[in-house]
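Down below is the structure, laid out as structure tokens.
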Amino acid sequence: MNKKSILLGEQLLVMMGLQVFFLNYFKSAIVPSFFLIWLLILVWDGNIEVALLMAFITGIIYDLISKGFYGMTSMIFLIIVYINSFLKIKSMAGRILCIFIFSMVYFMMGLFKYPDGFLWNSWTLFRYSLLFAMYNSVVGFLIECGMRRLRLRWKAKKDYLSI
Amino acid sequence: MLWRFRREVIFIVEFFLSLVIVRYHSVKIIGVENRDEEEVKIINYEELIAENLRLKEILDIKKDTSLLKRIVVGQVISIKPVVFPAEIILNKGLDNGVKENMAVLSKDMFLIGRVAKVDRNSASVMTLFNTKSKISVIIDSTREIGVLEGGGIPFLSLRYIPSDSQVKKGDKVITSGYSDFYPKGIEVGEIIKIEKSPDTLFLKIYVKPFSCVSGLEEVLIGE
């Protein structure tokens with residue numbers, strides 16, 4: 001097993017832990033989707049095939065820990081990851097905006113996710129999707145910042161070792 | 001070639017797999033929900049049929065009866081206590097023409113008690129078992145008049161029947177019609193035990209009421 005696979009496994013575990021924690025203990029109707037943000041970042045880092053595979057796995061995990069139809073989140077994640085794979089976004093602002101838009105799309109597509117049907121009216125749905133997108137953007141920004149700092153540190157370490 | 005379109009291949013395969021999972025799960029969930037709904041519907045239908053039959057029976061009685069001039073059909077909404085109740089609450093009140101002291105009968109035309117208190121939409125019935133209940137009755141066979149008193153669970157006590165009376169076990173007790181509350185001839189119960197003591201003028205008689213109050217759902221309120 002190479003280093004990359006281990007790193008991906010670790011990331012998946014961290015995201016899963018965060019998602020489970022927020023779904024169960026965060027006292028709010030809206031919880032940020034760590035899986036979605038992670039999948040988008042994976043695509044931007046060039047791991048498109050891995051992101052597609054992970055979209056299926058994380059979608060199933062998400063449906064298992066929430067109350068949706070099994071497989072529905074996988075489908076939504078797959079569509080978002082596939083579309084995102086054509087967007088080559090490098091800047092931080094562009095990525096945050098992308099997270100915001102995809103989060104809104106994801107939330108709207110949640111209309112089809114619940115067996116009992118969506119009980120909110122269109123205005124409430126819009127407000128909640130906006131809130132959800134904002135949460136995700138903030139979380140996405142924090143993760144991006146953290147990862148950029150980590151990458152710089154690793155690069156500095158690598159440069160130091162190569163001297 | 002396939003390697004060139006690997007992204008699309010992964011996407012299509014996984015999308016199809018997700019679709020299969022969604023379909024399987026939704027069929028399972030909707031199947032269970034439909035089954036539950038059908039079961040509830042069947043139970044509701046059975047309950048409606050039973051209620052329909054009971055009400056039909058009451059309607060037939062309403063047509064046939066000559067004991068009461070005016071009858072209101074009420075539903076029992078509360079029984080206190082559940083066993084040998086002293087009070088029952090009905091869902092009919094002043095708005096439905098129920099007045100205080102109206103007689104309350106079971107659908108078999110057996111006496112249950114009388115309306116003690118009435119509100120706009122409910123009425124409280126004092127049953128035969130109530131300690132305050134005192135009814136003027138006649139023993140059907142001997143035509144002797146007595147007072148039937150509640151409070152002595154599980155039987156009612158019939159008082160003021162002379163000790164030389166020819167009354168016997170199994171005789172029916174009916175309302176005398178001498179009180180303001182009950183018309184004459186409503187069946188109340190049957191005598192199940194007679195005690196004679198030499199130093200008293202009256203017999204000690206126990207009466208078992210015909211109306212089983214705990215099994216009631218609909219009652220007739222009349223005058």
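The set of residues from the range B:1-33 being closer than 27 Å to A:I48 by Cα and of a type in the set (F, W, Y) comprises B:W3, B:F5, B:F11, B:F15, B:F16.
Yes/no per residue for (1) loosely packed, with under 12 Cβ neighbours inside 10 Å; (2) closer than 28 Å to B:F129 by Cβ:
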{"site": "B:Y24", "(1), (2)": "no, no"}
{"site": "B:N34", "(1), (2)": "yes, no"}
{"site": "B:Y45", "(1), (2)": "yes, no"}
{"site": "B:K69", "(1), (2)": "yes, yes"}
{"site": "B:F84", "(1), (2)": "no, yes"}
{"site": "B:N91", "(1), (2)": "no, yes"}
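Pairing residues of the range A:110-134 that are within 23 Å of A:I99 (Cβ to Cβ) with residues that are modelled with pLDDT under 65 and not in a helix (DSSP H, G or I), at Cβ distances under 8 Å and at least 6 apart in sequence or on separate chains, gives A:G110/A:F118; A:L111/A:F118; A:L125/A:F118; A:Y128/A:W120.
Do you know which residues across the range A:5-49 are among the basic types (K, R) and in contact with a helix residue (DSSP H, G or I) (Cβ under 8 Å, 6 or more places away or on another chain)? Listed by number, the list is empty, since nothing qualifies. Candidates are the residues of the range B:1-25 that are part of a loop (DSSP other than H, G, I, E, B) and aromatic (F, W, Y); the one that is nearest to the chain's Cα centre (by Cα) is B:F5.
Of all residues in the range B:23-55, those satisfying the criterion of being modelled with pLDDT of 75 or more and small (G, A, S) are B:S26, B:A50. For the range A:81-104, the candidate set comprises residues that are more than 11 Å from every other protein chain (Cβ to nearest Cβ) and aromatic (F, W, Y); within that set, the residue that is surrounded by the fewest Cβ atoms within 10 Å (Cβ to Cβ) is A:F100. Within the range A:26-80, the set of residues being closer than 16 Å to A:S103 by Cα, among the polar types (S, T, N, Q) and either within 10 Å of another protein chain (Cβ to nearest Cβ) or surrounded by fewer than 23 Cβ atoms within 10 Å (Cβ to Cβ) (or both) comprises A:T73, A:S74. The set of residues in the range B:94-123 being more than 13 Å from the chain's Cα centre (by Cα) and of a type in the set (S, T, Y) consists of B:S122 alone.
Conditions tested, residue by residue: (1) in a helix (DSSP H, G or I); (2) touching a Ser or Thr at 6+ places or on another chain (Cβ under 8 Å).
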{"position": "A:G17", "(1), (2)": "yes, no"}
{"position": "A:F21", "(1), (2)": "yes, no"}
{"position": "A:V31", "(1), (2)": "no, no"}
{"position": "A:F35", "(1), (2)": "yes, yes"}
{"position": "A:L40", "(1), (2)": "yes, no"}
{"position": "A:L53", "(1), (2)": "yes, no"}
{"position": "A:G59", "(1), (2)": "yes, yes"}
{"position": "A:D63", "(1), (2)": "yes, yes"}
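The values are calculated or read from the model by the stated rules, or taken from the named source; none is laboratory data. Please read these numbers as outputs of a predicted model, since none were measured by experiment. Neighbour counts are summed over all protein chains in view; Cβ atoms, including those assigned to glycine, are modelled from backbone coordinates with ideal geometry.
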